[in-house]
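Since the structure comes first, as structure tokens, the remarks are kept for the end.
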Amino acid sequence: MFVLVLRNLARRPLRNGLTLAGIAVAMAVLVTILAFGEGYRQALRRELEQAGVQMMLVPLGCPYDAAARVLKNNTLENSLPANALDAVRNDPAVAVAAPLLMAACPRQNERRTDMWVGLDRSALLIKPWWRAGSGRAWFTKQDDVILGADAAALEMRAPGDKFFSPERHREFHVAGILERSGTADDSVFFIPLETAQEMFGPLDGLRAGQADRLTAIAIRLKEPTLIREAAARLQKIPGAQVVTLTEMMGTFLNLLGAVRTLVVALAAVAVVVSALSIFNTLLGAVLERTNELVVMRAVGASRSQIFGLLVVESLLLTLIGNIAGAILAFALGPRVEALAGNWIPFAPGASLLALSWADVLRCGLLTLVVGVGAALYPAWRAARLQPALAMKSE
């Protein structure tokens, strides 16, 4: 039977080729969607765990947007009130309160934006990956700058070099270059907090400095179990709001789930189209091969054998399409990830694609079931053909 199935499939290369292409695309889309969903979840959880904080104090506004911008070292338009840092550090549940000032410096001629972050030594307690690949790991002078690995490569600077900021009209001394961490820190220019507060104005980073300006405070608690009561107290600070990293991850994953549902719906349409393609291919084969099938019935083939012949054809078509789809997902997935990463807001720095053979197997089983389902009616119709039709055709 298998040889007969292969021969039948080879007789209609164009139609079967289009059917295989539809199955392969549906399979690749399903596998890629599952891989992106799981990869985003893993990367986000890993990045939040690496952040070393349980809470973030940010200016009033959208708390999750603000916290996400802080994690990605993006600038905020608003500032925290002047007494926020003292209030946080005086809270009995707080172990570490690291003040941060972030500012964006557009470089119009080079069509890029530099991210500057001012911080003090308390930031070292919430950045476990902070290690100097070369030079020093901390500032000794107010005009020192420490570069992330990508920032140093972009500027082609090494420890001991001079670094001039044309936007700020200020010269710095490169104190060190950080080891690559895979986080947003890799592309950041770090300077002492006092220097950042002197350089960047209250809101737009263009006017005279504000001595106590902060854009966020990263918080680590003495005990994670104190998070609810600590959040309730810190929420009372005027002009500020608290967001916990657990809540933020849940919000992002809910947003991802909504987008994923939409994309899965599109993938379901692709699966339905591939099922209709299989249905059309097999039904057309039954109509074209009516004489052949009734002759087979006339020479002794049973209805179950005819039925099985069409089902095996469908299974083979679907299996080949699944293999092609899996190859397509593994081959093009990384390129799709590179493209999609530019459009996903606050995307983690790690890989967003977690391709696994378990996902391939699940999607393959689904498409096989769909393929068999699409073959049932054409196979039933072929099995119902009467041997007497062979005599009429003669």
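Rounded if a/c is under 1.5, else prolate if a/b is larger than b/c, else oblate: which is the stretch 131-175, with a ≥ b ≥ c the root eigenvalues of its Cα gyration tensor? Walk me through the numbers on the way to the answer.
Details: a/c = 2.10, a/b = 1.23, b/c = 1.71.
Judged from the Cα gyration tensor, the stretch 131-175 comes out oblate (a/c at least 1.5, b/c at or above a/b).
Annotation: amide H of Arg289 has no partner in the under-5 Å range at sequence separation 5 or more or interchain, hydrogens built in the peptide plane.
Bear in mind that the values in this text are calculations on the coordinates, not laboratory data. Quick caveat: nothing in here was measured; it's all calculated off a predicted structure.
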